[in-house]
Amino acid sequence: MTEDENLDRSSAPRYNPDTIRIDDPVSFDWDEGNRDKNLASHDVTDREAEEAFFDPNRRLYPDPKHSQGETRRIIVGKTKEGRLLFVVFAVRRKKIRVISARDLNEIKRD
């Protein structure tokens, strides 16, 4: 079963360390479309959003609800300063593109 098939079968996001892996080395896609977007919206710098991916205790989840045009995922991880972030991302051309990054305790309703 492929990674995308695993994600599509999940009706609710659940942590499963075997479902999603981020391989090293990791690179990020920051361009004019997403650079500093989270700083303006949620006071999260691009560097802080990246740090969540390197937290050894990070948790990765599928995001099937928002994966219509592309597979999106969620990572919950701490920055070097201990800030717990909720980051939505996609992998494009083998680079991580952060869609949204905010403090974990923020609540957003669709």
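The values are calculated or read from the model by the stated rules, or taken from the named source; none is laboratory data. Computed from a prediction, not measured in an experiment: that's the story for all the values here. We place every Cβ from the backbone using ideal geometry, glycine too, and count neighbours over all the protein chains shown. Only protein heavy atoms, including side chains, enter the accessible area calculation; ligands, DNA and RNA are left aside. Shrake-Rupley method; radii C 1.70, N 1.55, O 1.52, S 1.80 Å.
A compact table of results
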item	result
Residue selected from the stretch 54-73 under the condition under 8 Å from the mean Cα position of the chain (by Cα) and within 18 Å of ASP29 (Cα to Cα), by the criterion most open to solvent (accessible area, probe 1.4 Å)	ARG72
Residue ID - farthest from GLU32 (Cα to Cα), chosen from residues in the stretch 74-96 that are in contact (Cβ under 8 Å) with a residue 60 or more places away in the chain and crowded, with 18+ Cβ neighbours inside 10 Å	ILE74
Members of the stretch 45-100 that are modelled with pLDDT of 90 or more, outside any strand (DSSP E or B) and basic (Lys, Arg)	ARG47, ARG58, LYS80, ARG83
Subset of the stretch 33-44 (residues that are among the aliphatic types (A, V, I, L, M) and either in a loop (DSSP other than H, G, I, E, B) or open to solvent by less than 80 Å² (accessible area, probe 1.4 Å) (or both))	LEU39, VAL44
